[in-house]
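The values are calculated or read from the model by the stated rules, or taken from the named source; none is laboratory data. On a predicted model such as this, the values are computed, not experimentally measured, just so you know. We place every Cβ from the backbone using ideal geometry, glycine too, and count neighbours over all the protein chains shown. Accessible surface areas use protein heavy atoms only, side chains included; no ligands, DNA or RNA. Shrake-Rupley method; radii C 1.70, N 1.55, O 1.52, S 1.80 Å.
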Amino acid sequence: MIAYIIRRLLYTIPIIFGVLLVTFILFNVVSGDVSDQIAGKAASAETIKEIRAEYGWDKPLFLSWDSQFINHLKNCLTFQFGRSWSDRELIITKIAQGALPSLSLTVPMFIGEVAISISLALIVAFFRGTIIDIMSVFICVVLMSVPFLSFILFGQYFLAFKWGLFPVYFWPDLPLPQYVALPVLIGIIAGLGGNLRFYRTVMLDELRNDYVRTAFAKGLSSRSVLFRHVLKNAMIPIITQVILAIPFLFLGSLLLERFFGIPGLGYLMIDAIGARDFQVINAMTFIGAILFVVFNLITDICYSIVDPRVSFE
């Protein structure tokens, strides 16, 4: 296993290099010189020159050991992303401050969504072809057809503003569970349709296998067959779906954080896009790529743990 992990880690080197190259071209070459934008309309030529020197934009792009691309590689690999163009705050500090609010929102939303979807999928698949199954598919299609923004507006207007069950907007004095409760509830309901349909299909494939009929013929209870045998054998697609979604938890929820004013990484990303703060966007893109590569490796390792037929060779 160790040799496999080392080999996979070596594979990540060209992937990370490719990500850094693409982000550099997008944010430093295609976007052009943004020193005028940072300095402001009334800035003098000397001020613009100082800004270009501070960010290293007066150096060659590639053909030098002190070029902008080499410095871009060094800064990203050491997580020294510099300062935000908009407020001059250290980007790594802004990311560290936004991580906790984002994870407070996305982790319970993710756990609730996965647990409810898998449990309901097992039950619905067991009653396949009945009115329960048909109604569940209908509700799933309805949930999938409604835009995510509609869930947010409905929850914020009726549950928070009209009925006063939750706070409408983030307030620093509120306890954490109180201000994330409504966004978490909205996130779970909005994601339930697609997830339930996916896991239902997975469970139906497993329920058609011979070992399920054998288990029922031996007199095992439905609960035992579903949650001990079917769920265990359906773990490969579940792992793929679940673990590959984890990196996005760290990046926050763009719409939920923006509409509820939660100062997380999704809020930070929206602000950075609006202000054309490419330093922040570049840092978030790089961190997202690193997390995706790491959790992709974890997914492959988990395959062999849940299914002995999967080899590391």
Quiz item: Can you name the residue in region 237-253 that is assigned to a helix (DSSP H, G or I) and out of contact with any Phe, Trp or Tyr (no Cβ under 6 Å at 6 or more places or on another chain) and is also nearest to Ala121 (Cα to Cα) among such residues?
Solution: Ile238
Quiz item: Only one residue in Asn282, Asn233 is more than 26 Å from Pro183 (Cβ to Cβ), polar (S, T, N, Q) and touching a residue at least 40 places away in the same chain (Cβ under 8 Å). Which one?
Solution: Asn282
Quiz item: Regarding Ile95, is this residue in contact with a strand residue (DSSP E or B) (Cβ under 8 Å, 6 or more places away or on another chain), at pLDDT 80 or above and open to solvent by less than 40 Å² (accessible area, probe 1.4 Å)?
Solution: no
Self-check item: Within region 80-122, considering residues that are among the β-branched types (Val, Ile, Thr) and without any contact (Cβ under 8 Å) to a residue 24 or more places away in the chain, the one nearest to Tyr179 (Cα to Cα)
Solution: Ile111
Self-check item: From Ile262, Ile270, Ile287, residue being in a loop (DSSP other than H, G, I, E, B), within 26 Å of Leu100 (Cα to Cα) and either in contact (Cβ under 8 Å) with a residue 24 or more places away in the chain or open to solvent by 20 Å² or more (accessible area, probe 1.4 Å) (or both)
Solution: Ile262
Self-check item: Answer from Arg52, Arg7 - the residue that is more than 20 Å from Asn282 (Cβ to Cβ) and not aromatic (Phe, Trp, Tyr)
Solution: Arg7
Quiz item: Are any of the residues in region 232-242 of a type in the set (A, V, I, L, M, F, W, C) and either closer than 23 Å to Pro101 by Cβ or modelled with pLDDT of 90 or more (or both)?
Solution: yes
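Rundown of residues vs (1) open to solvent by less than 70 Å² (accessible area, probe 1.4 Å); (2) touching a helix residue (DSSP H, G or I) at 6+ places or on another chain (Cβ under 6 Å); (3) of a type outside the set (S, T, N, Q), yes/no style:
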| site | (1), (2), (3) |
| --- | --- |
| Ile2 | no, no, yes |
| Thr12 | yes, yes, no |
| Asp33 | no, no, yes |
| Ile38 | yes, yes, yes |
| Glu54 | no, no, yes |
Self-check item: Residue check, Tyr199 within 21 Å of Thr106 (Cα to Cα), of a type outside the set (Gly, Ala, Ser) and either open to solvent by 40 Å² or more (accessible area, probe 1.4 Å) or modelled with pLDDT under 90 (or both)
Solution: no
Exercise. Give the residues of region 1-54 that are outside any helix (DSSP H, G or I) and of a type outside the set (A, V, I, L, M, F, W, C), sorted by residue number.
Key: Ser31, Gly32, Asp33, Gly40, Lys41, Ser44
Practice problem: Find the helices (runs of 4 or more DSSP H) located wholly in region 113-227 whose residues include 1 or more that are aromatic (Phe, Trp, Tyr), in contact with a Pro (Cβ under 8 Å, 6 or more places away or on another chain) and under 22 Å from Leu249 (Cα atoms), and list them. | Solution: 176-207
Quiz item: Just checking, how many residues over region 164-186 are of a type in the set (Val, Ile, Thr), within 21 Å of the chain's Cα centre (by Cα) and open to solvent by 40 Å² or more (accessible area, probe 1.4 Å)?
Solution: 0
